[in-house]
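One structure below.
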Amino acid sequence: MQAVAKGIIWSVESSPNSNEWEQYSFKLNGLIEDAHSKHQSQVNFSNEKDENCSIKFSTMEETCGVRVRRVQRTELNSTLPAVCFV
């Protein structure tokens, strides 16, 4: 949740080489960003299907069992247009 407040969104590729992305839940997003900001080499977690998964930051890949998918980190502040409130 803190990561979203910082404007950071973590996503995983829907299926290998599809170039379609799914955002992680707010809870996982915060967990992943916290590990990334502390310069940890990887983060381990259980996904929505209760599978044991890990993200290795050096390769930006998520591994859940034998399935390996790419992950991406997006800074929203750099992609959002400036908005003026009047």
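Read the figures in this text as sums done on the coordinates, not as results from a lab. As the structure is a prediction and not an experimental result, all values here were calculated from the model.
When only Cα pairs under 8 Å and 6 or more residues apart are kept, what is the percent relative contact order across the range 2-78? Relative contact order, the range 2-78: 32 percent. Listed by chain and number, the lysines whose alpha-carbon sits under 26 Å from that of LYS38, ignoring those within fewer than 8 places in the same chain, are LYS6, LYS27, LYS56. Considering every Cα-Cα pair within the range 2-78, what fraction, in whole percent, is farther apart than 15 Å? Summing the P(r) of the range 2-78 above 15 Å gives 52 percent of all pairs. Counting only DSSP beta bridges whose two residues both lie in the range 2-78, roughly 100 percent are antiparallel.
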